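Down below is the structure, laid out as C-alpha cells.
Please treat every number below as a calculation from the coordinates, not as lab data. Keep in mind that this is a model prediction, so the values were computed, not measured. Here Cβ is always computed from backbone atoms with ideal geometry, including for glycine, and neighbour counts include all displayed protein chains.
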Amino acid sequence: MVSVVFTLPAAGADYTLDIFGNANMDDTIDVQDVVYVKGIIDGSEKPTDFADANYDGAIDEKDIDQIEAIIEGSESELVLMDSAGRLVRVKKPLQKVATCSRHFLEVAQSLKIPEETIVAISDEVIDEDYSVLFPRWQDKIVMGCTGNPSAEIDCESILSADPELVILYASFDSSEPAQENLVAAGVNVIRFNFNRPDLDNLFQKEVTKVGYLFDKKEEAKELLSFYKKYETLVQDRLADVPEEEMPKVYYESFTNPYVTFNQFARVETTGGKNIIPTRGIEKTMGVMNVDPEQIVAENPDVIIKMASRNVHAGYHFDAQDTGDLAAIRDEILGRPELQNVNAVKNGNVYVISGFVMQSGPCSGCKYFLQDLYQAKWFHPKLFEDIDPKAVHQEYLKQFQGLDLDLDQMGVFVYPVA
C-alpha cells in the first residue's frame, strides 16, 4: 500500500483530466493508467494527484480495479473535480438529473444522453427559441432557475423533481447558495460552465467529464473532434498573418452604446486587435463603459455589436427577418461622432446574436461559429471559402439531431457573412 503524495501534473497532453483514476495525468483514462499505478505500487513511478482512483487515501490494487472499471464503463462511482474546484463523488449509473444550465442541455443533446435521464430543466428552456433548439426536453419538470448569473435559484422546485444529481453553473453567483441548500437537503451537486472556452481547455475537460459521467465517452470524443477541426482551421490560417494586417476592433455590448463586452469577444483568437484592453476586468466579464472619444481616437477598422435577447434573432424567426439587426447596425453607422472612423466609412459594422457566441444572453456551446464569423469579417479573403451557416447546419443535424433549414429559419448575424 502506498500513501498518496500529491505532485504537480505531468507534462504530455494539452491538459490534465481531473478525474481520479487518471494516474499518468494526461487527458484520458486508459490502460496506461493501470500500468502507471502498478509502477507506483512497485516503486518505479511517483504518486500523482489522481492515482488514488477510489479516493480512499491509499494507492493500491483497489485503484487498479477502479481504473479498469472506468475503462469498461462499469464503475459504480466516479470521483472528480468540478469546475468550481470541488471534489465530487457521483454514484453511477445516473438516472435522474436536474439542471439549471441550458449549456449542459446542448452538450447532453450532442452526446445523445437519454431523454429520460433529464428530469428537470430551467424555466428559460421553454421559451420560443429554446423550444426549437431543445424540443426533447419540453415535457420535463420546469424549475425556477434561469441563465441569469445573479438570479435566485428556486431549490424547492429542484427538490420536487427528486434528482440524484443537480448540475449548476460553476461561475454564477447564484450557484453558491443553491449548492449549500441542495447539499444540506442531501442532493449531490456538480458545477460546470460549458461557456468558458476562453479558459484553457475548460470546455474540453467539461465535455470529457460528462462523457465519463453518462457513459458517453466516444460521443464526447466525436463532439470535441468537431470543435477541434474548426479551431485548428482558424488557427492555421491566421498563423502567418502579420500583426499589421490584423484589423483594430471595437466590440460593443448588447446593453448600451459605448459599453464593451470584451472578455467573451474572442477578438484576438479570430485575428483582430481589440482596441479596449481586457486585462484586469475579468471579474466584470469585460463589461465597462468607454469614452466615445477613445473609440474615435483608436479608429477601429471593424465594429461588432452584440444583439440583446429582446431583438428578432434566434431559431424561430424567418431567415429573412433581419430588420432588428439591420436597425442596430444602422444606428451605429449613423452616430455622428463615428463618421470618420474606418469601420463606419467602409461599412465594416456587424451585429451578432448571442446564439452563436460563447457567452452572454442566449448563448450556447457554439463558440466555433463566433470564431468563423469573426475570422471571416476580419480577413474576408483568407476565409472566403468558409460558410459559417453551413457549419452551423452541419452541427445542428449531426450533433443536435435537429432537422432545421437555416436557409428558411434562423437569424443570427447581420450582414450575413
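Placing +1 on the Cβ of every Lys and Arg and -1 on the Cβ of every Asp and Glu, with nothing else charged, gives region 237-381 a dipole about its Cα centre of roughly 300 debye.
Listed by Cβ neighbour count within 10 Å, with the fewest neighbours leading, K248, K38 appear as K38, K248. Projecting the Cα positions of S359, V341, L396 onto the charge dipole of region 341-402 (unit charges on Cβ atoms of Lys, Arg, Asp and Glu, taken about the Cα centre) puts V341 furthest along the positive direction.
For H312 and V416, a Förster radius of 22 Å and the Cβ-Cβ distance give a FRET efficiency of 0.90, rounded to the nearest 0.05.
If you plug the beta carbon distance of A239 and A319 into 1/(1 + (r/R0)^6) with R0 = 30 Å, you get a FRET efficiency near 0.35. For region 254-390, a/c is less than 1.5, where a ≥ b ≥ c are the root eigenvalues of the C-alpha gyration tensor. That puts it in the rounded class.
Using Cβ point charges alone (K and R +1, D and E -1), the dipole size of the chain about the Cα centre works out to roughly 620 debye. Each of S101, Y130, S225 was placed along the dipole of the chain (beta-carbon charges, centred on the mean Cα), and the one lying farthest toward the positive end is Y130.
Just from its helices, what would the mean residue ellipticity at 222 nm be for the chain, if runs of 4 or more DSSP H residues each count -39500 (n - 2.57) and the sum is divided by every residue, rounded to the nearest 500 deg cm²/dmol?
Estimated from H runs of four or more residues: -9500 deg cm²/dmol.
With the largest listed first and rounded to whole Å, the semi-axes of the equivalent ellipsoid of region 2-75 from the Cα gyration tensor are 15, 15, 10.
Summarising the label geometry, the points placed 7 Å from Cα in the beta-carbon direction at R89 and E176 lie 2.6 nm from one another.
Give the peptides 234-242, 108-116 in descending order of average Cβ contacts within 10 Å, highest first.
Peptide ranking by packing, descending: 108-116, 234-242.
When each of the peptides 85-96, 170-181, 346-357 is scored by how many other beta carbons lie within 10 Å of its residues on average, the order from highest to lowest is 346-357, 170-181, 85-96. Rounded to two decimals, the Cα-based Rg/Rh of the chain, with Kirkwood Rh, is 1.00. Debye calculation, C-alpha points only, no solvent: report log10 I(q)/I(0) for region 328-417 at q = 0.14, 0.26 Å⁻¹, in the same order as the q values. With one equal scatterer per Cα and no solvent, log10 I(q)/I(0) is -0.57, -1.36. Residue order for Y169, Y367, fewest other beta carbons within 10 angstrom first, comes to Y367, Y169. Estimated from the Cβ-Cβ distance and a Förster radius of 25 angstrom, the FRET efficiency linking V132 and E331 is about 0.35. Site pair K345 and N299 shows an inter-label distance of 0.7 nm when each label is modelled 7 Å from Cα along Cα→Cβ. Which part of region 359-379 falls in the paramagnetic zone of D407, meaning amide N under 20 Å from the point 7 Å along Cα-to-beta-carbon? None, by backbone N distance to the label point.
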